[in-house]
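Since the structure comes first, as structure tokens, the remarks are kept for the end.
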Amino acid sequence: MCVAMPGRVISIDGTKAAVDFGGNIVTAEAGLVKIKPDDYVLVHAGCIIQVLSQFDKDMLVDLLNEIEEIGVNE
């Protein structure tokens, strides 16, 4: 199963963006949606597929943390 992950855009160079995932900086393809530095984005398979609001990013992070806790406890 593949899961899209939320991150924050650090910088943009052409169609590539540096995205911060909790301290891990990854280069992602940025040509599919319009982004700017400090945007929260959803990244799937190395491509930015959506810009997220702060609220949506926070809710998604909370949900992913809850899923991780369930998996650890079983």
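The values are calculated or read from the model by the stated rules, or taken from the named source; none is laboratory data. Predicted model, so just to flag it, every value in this text is computed and none were measured. All Cβ positions, even for glycine, are placed from backbone atoms using ideal geometry, and neighbour counts span all protein chains on display. Keep in mind that these areas ignore ligands, DNA and RNA; they rest on the heavy atoms of the full protein, side chains included. Shrake-Rupley method; radii C 1.70, N 1.55, O 1.52, S 1.80 Å.
Annotations
- Region 9-58: number of residues that are open to solvent by 50 Å² or more (accessible area, probe 1.4 Å) and touching a helix residue (DSSP H, G or I) at 6+ places or on another chain (Cβ under 8 Å): 1
- When the criteria are applied in full, VAL61 meets the requirement of being among the aliphatic types (A, V, I, L, M), under 14 Å from the mean Cα position of the chain (by Cα), surrounded by 11 or more Cβ atoms within 10 Å (Cβ to Cβ) and closer than 11 Å to GLY7 by Cα.
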